[in-house]
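Engineer: Let me give you the structure first, and then I'll get to my questions.
The values are calculated or read from the model by the stated rules, or taken from the named source; none is laboratory data. These figures come from a predicted structure and were not determined experimentally. Here the Cβ positions follow ideal geometry from the backbone for every residue, glycine too, while neighbour counts run over all protein chains shown.
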Amino acid sequence: MFALMQSTRLESLHLSVDPVTGLKAVIAIHCSRLGPALGGCRYLAYPDDESAVADAARLAQGMSYKAALAGLPQGGGKAVIIRPPHVESRAALFEAFGRCIEQLDGRYITAIDSGTSVADMDCIAQQTQHVTSTSAAGDPSPYAALGVFAGIRSTAMARLGSDNLEGLRVAIQGLGNVGFALAEQLHAAGAELLVSDIDPGKVQLAMEQLGAHPIANDALLSTPCDILAPCGLGAVLTSHSVAQLRCSAVAGSANNQLTNLQVADQLERRGILYAPDYVINAGGLIYVSLKHRGEELSTITAHLSKISSRLTEVFAHAQAEKRSPARVADELAERALYRQA
Ligand code: NAD
């Protein structure tokens with residue numbers, strides 16, 4: 001466990017159990033040099049406890065990088081609640097988790113993530129104020145989509161020489177909270193949409209409302225297009241899938257799109273511009289962070305607009321140094337995190 005903490009440069013790891021509710025939770029605080037750690041809480045089944053701890057540690061590190069590059073006064077953290085096979089009261093379990101967060105005295109702020117809902121955040125809020133994305137705070141997804149849309153413009157500018165999206169073919173994998181909102185904005189900007197989702201109802205809606213072209217799930221990644229926007233699950237960019245891509249750039253909301261950094265180099269060799277996921281999808285974090293600090297919407301949208309300039313800066317460095325934007329982003333984030341270290 002200490003080896004994992006050292007390799008991810010984790011600041012602290014907090015394990016909690018509550019026999020009454022069945023809670024088994026991990027809170028990983030990666031870095032609080034820039035501010036209190038903020039990051040979502042997953043509620044998932046894991047093959048073993050070690051996998052849950054490793055997931056929390058890896059994701060907490062990603063949150064530090066995302067906050068640092070978004071210029072937020074926030075550190076990186078992540079929580080994982082190991083989903084029990086049976087739970088008596090979900091509300092009681094999340095309230096127990098709220099008490100664990102309260103014990104950390106504001107060093108970790110939680111938010112919605114895979115497997116958790118606004119209702120779960122409301123239960124946590126019964127026990128602690130260190131929680132965002134409650135029903136009172138609102139859904140970050142529209143802000144994540146706004147940031148990705150602006151980032152797609154910057155990506156088009158950098159790769160295709162124009163940020164005019166009229167007639168651009170954008171392939172979107174996943175029409176969930178972020179993907180559908182992004183599709184609406186792209187449609188309004190005149191882009192041609194090629195879409196897939198494992199839920200046929202969402203594809204149907206995109207066809208009816210946005211004139212989108214449906215693509216089979218297993219064909220989306222190899223569909224010829226200008227920009228591929230992964231907005232479903234992570235780990236879609238593998239050495240195998242990258243060899244199949246027929247796009248000029250990849251720019252989407254999904255977290256952890258790359259299975260490893262060698263895949264980023266492979267994209268670079270293929271001349272496919274990659275918009276680092278944690279830079280382009282920072283709109284959700286910007287929203288929850290600033291909303292939690294009581295900022296006005298105008299301040300939040302002003303901060304969101306910095307995503308495109310940050311992305312443009314990453315692309316410029318990458319081009320000058322002939323390196324993948326993913327490697328450049330990691331380096332910039334580490335520099336921001338540890339510059340006084
Ligand atoms: P969501 O669950 O609402 O949507 C995901 C969609 O992807 C669903 O409609 C699902 O059916 C579809 N999907 C899953 N696997 C697929 C596949 N193989 N092919 C096609 N479709 C598939 O999630 P979301 O909130 O829209 O988030 C989407 C991605 O963006 C996630 O990776 C998330 O971590 C990331 N993200 C979300 C936010 C946010 O504020 N919601 C912020 C930053 C990053």
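Engineer: Please specify each residue of segment 112-128 satisfying the condition of being β-branched (Val, Ile, Thr) and either part of a loop (DSSP other than H, G, I, E, B) or within 15 Å of the ligand (Cβ to nearest atom) (or both).
Structural biologist: ILE112, THR116, VAL118, THR128
Each row is one residue, and each column tells you yes or no for (1) within 16 Å of the ligand (Cβ to nearest atom); (2) modelled with pLDDT of 95 or more; (3) touching a strand residue (DSSP E or B) at 6+ places or on another chain (Cβ under 6 Å); (4) not in a helix (DSSP H, G or I).
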| residue | (1), (2), (3), (4) |
| --- | --- |
| THR110 | yes, yes, yes, yes |
| GLY179 | yes, yes, yes, no |
| GLU184 | yes, yes, no, no |
| VAL195 | yes, yes, yes, yes |
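Engineer: Would you please name the residue that is surrounded by the fewest Cβ atoms within 10 Å (Cβ to Cβ), looking only at residues in segment 129-177 that are within 16 Å of the ligand (Cβ to nearest atom) and on the phi > 0 side of the Ramachandran plot?
Structural biologist: Of everything passing the filter in segment 129-177, GLY138 is surrounded by the fewest Cβ atoms within 10 Å (Cβ to Cβ).
Engineer: Still on this model: So which of ILE286, ILE227 is over 22 Å from LEU332 (Cα atoms) and in contact (Cβ under 8 Å) with a residue 60 or more places away in the chain? Step through it out loud before you land on a result.
Structural biologist: Working: ILE286 fails: over 22 Å from LEU332 (Cα atoms).
Result: ILE227 is the single residue among ILE286, ILE227 that is over 22 Å from LEU332 (Cα atoms) and in contact (Cβ under 8 Å) with a residue 60 or more places away in the chain.
Engineer: Name the residue, out of LEU258, LEU273, LEU285, that is under 17 Å from LEU160 (Cα atoms) and crowded, with 21+ Cβ neighbours inside 10 Å. Full working, then the answer.
Structural biologist: Values: LEU258 fails: under 17 Å from LEU160 (Cα atoms); LEU285 fails: under 17 Å from LEU160 (Cα atoms).
Answer to the check: LEU273.
Engineer: So, one more: Identify, please: which residue in segment 223-240 is in contact with a Leu (Cβ under 7 Å, 6 or more places away or on another chain) and not aliphatic (A, V, I, L, M) and is, among those, nearest to the ligand (Cβ to nearest atom)?
Structural biologist: Filtering segment 223-240 for residues that are in contact with a Leu (Cβ under 7 Å, 6 or more places away or on another chain) and not aliphatic (A, V, I, L, M), the one nearest to the ligand (Cβ to nearest atom) comes out as CYS231.
Engineer: Next question, about the same structure. Looking at THR299 and the list (1) surrounded by fewer than 22 Cβ atoms within 10 Å (Cβ to Cβ); (2) touching a residue at least 12 places away in the same chain (Cβ under 8 Å), which single condition is not satisfied?
Structural biologist: THR299 satisfies every listed condition except (2).
Engineer: Further, regarding this structure: Just need a number here: residues in segment 1-28 that are surrounded by fewer than 16 Cβ atoms within 10 Å (Cβ to Cβ) and acidic (Asp, Glu).
Structural biologist: Here the count works out to 0.
Engineer: Which of the residues that make up segment 178-199 are aliphatic (A, V, I, L, M) and buried (at least 18 other Cβ atoms within 10 Å of the Cβ)?
Structural biologist: Once the filter is applied, which keeps residues that are aliphatic (A, V, I, L, M) and buried (at least 18 other Cβ atoms within 10 Å of the Cβ), segment 178-199 yields VAL178, ALA181, LEU182, ALA183, LEU186, ALA191, LEU193, LEU194, VAL195.
Engineer: Something else: I'm trying to understand the selection: among the residues of segment 279-321, which are among the polar types (S, T, N, Q) and in contact with a Gly (Cβ under 7 Å, 6 or more places away or on another chain)?
Structural biologist: Those that are among the polar types (S, T, N, Q) and in contact with a Gly (Cβ under 7 Å, 6 or more places away or on another chain): ASN281, SER308.
Engineer: Taking the stated definitions as given, is LEU59 outside any loop (DSSP other than H, G, I, E, B) and either crowded, with 19+ Cβ neighbours inside 10 Å or at pLDDT 95 or above (or both)?
Structural biologist: yes
Engineer: Hey, another quick one. Since ARG246 meets every condition but one in (1) away from the ligand (no atom under 13 Å from the Cβ); (2) in contact with a Phe, Trp or Tyr (Cβ under 9 Å, 6 or more places away or on another chain); (3) of a type in the set (Lys, Arg), which condition does it not meet?
Structural biologist: The number of the failed condition is (2).
Engineer: Could you tell me which residue of segment 137-162 is nearest to the chain's Cα centre (by Cα), considering only residues that are in contact (Cβ under 8 Å) with a residue 12 or more places away in the chain and in a loop (DSSP other than H, G, I, E, B)?
Structural biologist: Ranking the qualifying residues of segment 137-162, first place goes to PRO140.
Engineer: Moving on to the next point. If you scan segment 200-222, which residues turn out to be part of a loop (DSSP other than H, G, I, E, B), buried (at least 20 other Cβ atoms within 10 Å of the Cβ) and of a type in the set (Gly, Ala, Ser)?
Structural biologist: Result: ALA212, single match.
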